[in-house]
1. Order the peptides 86-95, 44-53, 73-82 from the highest to the lowest mean number of other Cβ atoms within 10 Å of their residues.
2. What does the charge count around Gln78 come to, taking other residues whose C-beta lies under 13 Å from its C-beta (Lys +1, Arg +1, Asp -1, Glu -1)?
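Any read-out appearing in this document is the output of simple, stated calculations on the displayed coordinates, not a laboratory observation. Just so you know, these numbers come straight off a predicted model, no measurement behind them. Cβ atoms come from the backbone with ideal geometry, glycine included; neighbour counts cover every protein chain shown.
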Amino acid sequence: YLATEGGGEVDGQNYSSQACQSKATTAWCNHGAVGGGKVEGQTYSSRECYIKALSEDPRSASAWCGLGTEGGGEVDGQSYSSKECFIKVLSANPRHTSAWCGLGAEGGGEVHG
């Protein structure tokens, strides 16, 4: 919520909107990495957690790699295969070793970037 409201204060600490967004993305990725979980009474799968992370930060390499590991999924109305998720990361950061491993496990592919 604070990310969309320009930031705010929590326990005496001020956070910018960007810092709040980063923390939300990280939290969703962490939930995804442990198999999903419950947030405010709603259960989320790993895939759903990574998609939520990408709704917070569409450039999150961790979220794209996680989504690739989960078999891909739909982000903002567009479907992505595992391979496409890994390629998306590598196009932005050709040194991302986890994405290279994921792409290799998917049989390889062409990376532009």
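1. 44-53, 86-95, 73-82
2. -2
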